[in-house]
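> Let me give you the structure first, and then I'll get to my questions.
The values are calculated or read from the model by the stated rules, or taken from the named source; none is laboratory data. Remember, it's a predicted structure, so these values are computed and weren't measured experimentally. Every residue, glycine among them, receives a Cβ derived from its backbone with ideal geometry; neighbour counts consider all protein chains shown. Side chains are part of the model used for accessible areas, which takes the heavy atoms of the whole protein and leaves out ligands, DNA and RNA. Shrake-Rupley method; radii C 1.70, N 1.55, O 1.52, S 1.80 Å.
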Amino acid sequence: DVKVTQSSRYLVKRTGEKVFLECVQDMDHENMFWYRQDPGLGLRLIYFSYDVKMKEKGDIPEGYSVSREKKERFSLILESASTSQTSMYLCASSLTGNGYTFGSGTRLTVV
Amino acid sequence: ILNVEQSPQSLHVQEGDSTNFTCSFPSSNFYALHWYRWETAKSPEALFVMTLNGDEKKKGRISATLNTKEGYSYLYIKGSQPEDSATYLCALGKSSGSARQLTFGSGTQLTVLP
């Protein structure tokens with residue numbers, strides 16, 4: 001069964017910590033995405049990548065960076081976590097022009 | 001930033017009722033409209049992808065229609081069941097160089113009461 005795997009389901013971090021959220025897909029998809037989901041705001045795109053070492057900013061990239069060293073892995077980095085980054089983070093992958101396959105999400109709480 | 005709007009934001013129906021909700025989007029540079037179903041504690045699951053004006057797709061008791069000229073899509077659920085309770089997301093893909101990325105609405109949260 002094809003899938004997108006996110007490393008943690010729940011995560012609690014302190015303000016100012018550097019946080020890594022990992023996402024791995026086994027479908028050989030070229031595109032990978034990081035979204036955050038907040039009540040009433042829907043899914044908002046943080047960053048996406050269409051190839052290894054390539055990245056593009058989404059709608060809300062501030063405070064985040066990403067890394068894609070291998071095709072199957074896309075990491076989201078919070079350089080210095082803040083309470084405003086408490087959210088549900090969803091990773092997804094796709095072939096261009098097709099729908100997404102999502103991971104199960106990471107609920108991050110920054111205290 | 002594209003504006004994809006869904007209404008209503010939430011909906012409670014009785015088991016057996018039929019229901020529908022709306023996704024509105026800007027009709028220029030349309031590429032594709034996606035519907036996803038997101039149950040609590042699970043991953044969003046793809047329901048439909050529609051690309052042509054007048055498209056109608058069906059999966060069991062769930063169906064969807066698309067009007068690209070006026071910029072809306074309807075999702076219908078016939079004879080709702082408690083297991084239909086979920087958040088239903090629509091997402092727009094645009095053709096102008098960003099066919100890879102989707103812009104999501106904020107979702108319609110459906111609760112089906114037994």
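> Could you compute the FRET efficiency for A:Thr15 and A:Glu56, with r as their C-beta to C-beta distance and R0 at 35 Å, rounded to 0.05? Don't skip to the answer; put the middle values down first.
Values: r = 28 Å, r/R0 = 0.80.
Taking R0 as 35 Å, the efficiency between A:Thr15 and A:Glu56 is 0.80.
> Right, next: Give the Rg/Rh ratio for chain A, taking Rg as the radius of gyration of the Cα atoms and Rh as the Kirkwood radius, to two decimals. Walk me through the numbers on the way to the answer.
Numbers: Rg = 13.0 Å, Rh = 13.8 Å.
Value, to two decimals: 0.94.
> To continue, here is another question. Roughly how crowded by other chains is peptide A:9-15, in terms of the mean Cβ count from those chains within 10 Å of each of its Cβ atoms? Don't skip to the end; give the middle numbers.
On the way: counts 1, 0, 0, 0, 0, 0, 0.
That average works out to 0.
> Same structure, new question: If you stretched the chain out fully between A:Ser7 and A:Ser65, how much longer would it get, using 0.36 nm times the residue separation minus the C-alpha to C-alpha distance?
Separation in residues times 0.36 nm, less the Cα-Cα distance, equals 19.2 nm.
> Right, something else. How large is the dipole of chain B about the Cα centre if only Lys and Arg carry +1 and Asp and Glu carry -1, each at its Cβ, rounded to the nearest 20 debye? Mind dumping the intermediate values first?
Numbers: 10 positive and 10 negative charges, 71 e Å.
Roughly 340 debye, rounded to the nearest 20.
> Filter the cross-link list A:Lys55/B:Lys59; A:Lys57/B:Lys57; A:Lys57/B:Lys94; A:Lys18/A:Lys53 down to pairs whose alpha-carbon distance in this structure exceeds 25 Å.
Those over the limit are A:Lys55/B:Lys59; A:Lys57/B:Lys57.
> Tell me, what ³J(HN,Hα) does each residue in the stretch B:42-53 have, in order and in whole Hz, if you take phi through Karplus 6.51 cos²θ - 1.76 cosθ + 1.60 with θ = phi - 60° and put x for Gly and Pro?
10, 7, x, 10, 5, 9, 9, 10, 10, 10, 9, 4
> To the nearest 0.05, how large is the calculated FRET efficiency for B:Tyr74 and B:Asn29 if R₀ is 30 Å and r is the Cβ-Cβ distance?
Taking R0 as 30 Å, the efficiency between B:Tyr74 and B:Asn29 is 0.90.
> Putting +1 on Lys and Arg Cβ atoms and -1 on Asp and Glu Cβ atoms, find which of A:Thr83, B:Phe21, A:Gly99 reaches farthest to the positive end of the dipole of the protein assembly as shown.
Going by the Cα projections, it comes out as A:Thr83.
> Using +1 on the beta carbon of Lys and Arg, -1 on that of Asp and Glu, and nothing else charged, what's the dipole of chain A about the Cα centre, debye to 20?
300
> Which order do A:Tyr47, A:Tyr89, B:Tyr72, B:Tyr31 take by accessible area at a 1.4 Å probe, largest first?
The most accessible residue leads, giving B:Tyr31, B:Tyr72, A:Tyr47, A:Tyr89.
> Please sort by residue number the trypsin sites (Lys or Arg not before Pro) in the stretch B:1-86 whose DSSP state is loop and whose Cβ has at most 10 other Cβ atoms within 10 Å. Show your work: numbers first, answer last.
Working: sites: B:Arg37, B:Lys42, B:Lys57, B:Lys58, B:Lys59, B:Arg61, B:Lys69, B:Lys78; in loops: B:Lys42, B:Arg61, B:Lys69, B:Lys78.
Passing both the DSSP loop test and the Cβ count: B:Lys69.
> OK, next. Quick check of the Kirkwood formula: for the protein assembly as shown, what is the inverse mean of 1/r over all pairs of different Cα atoms, in Å?
18.0
> Per residue, how much accessible area does the stretch B:28-108 show when a 1.4 Å probe rolls over the protein heavy atoms, in square angstrom?
Heavy-atom SASA per residue in the stretch B:28-108 reads 44 Å².
> Oh, and also: How high is the relative contact order of chain A, in percent, counting Cα pairs under 8 Å that sit 6 or more residues apart?
36
> Give me the 1.4 Å probe accessible area per residue for the stretch A:1-69, excluding ligands and nucleic acids, in Å².
54
> With point charges of +1 on the Cβ of Lys and Arg and -1 on the Cβ of Asp and Glu, referenced to the Cα centre of the stretch B:35-114, which listed residue (B:Leu75, B:Gln109, B:Gly93) lies farthest in the positive direction of the dipole?
The listed residue farthest towards the positive side: B:Gly93.
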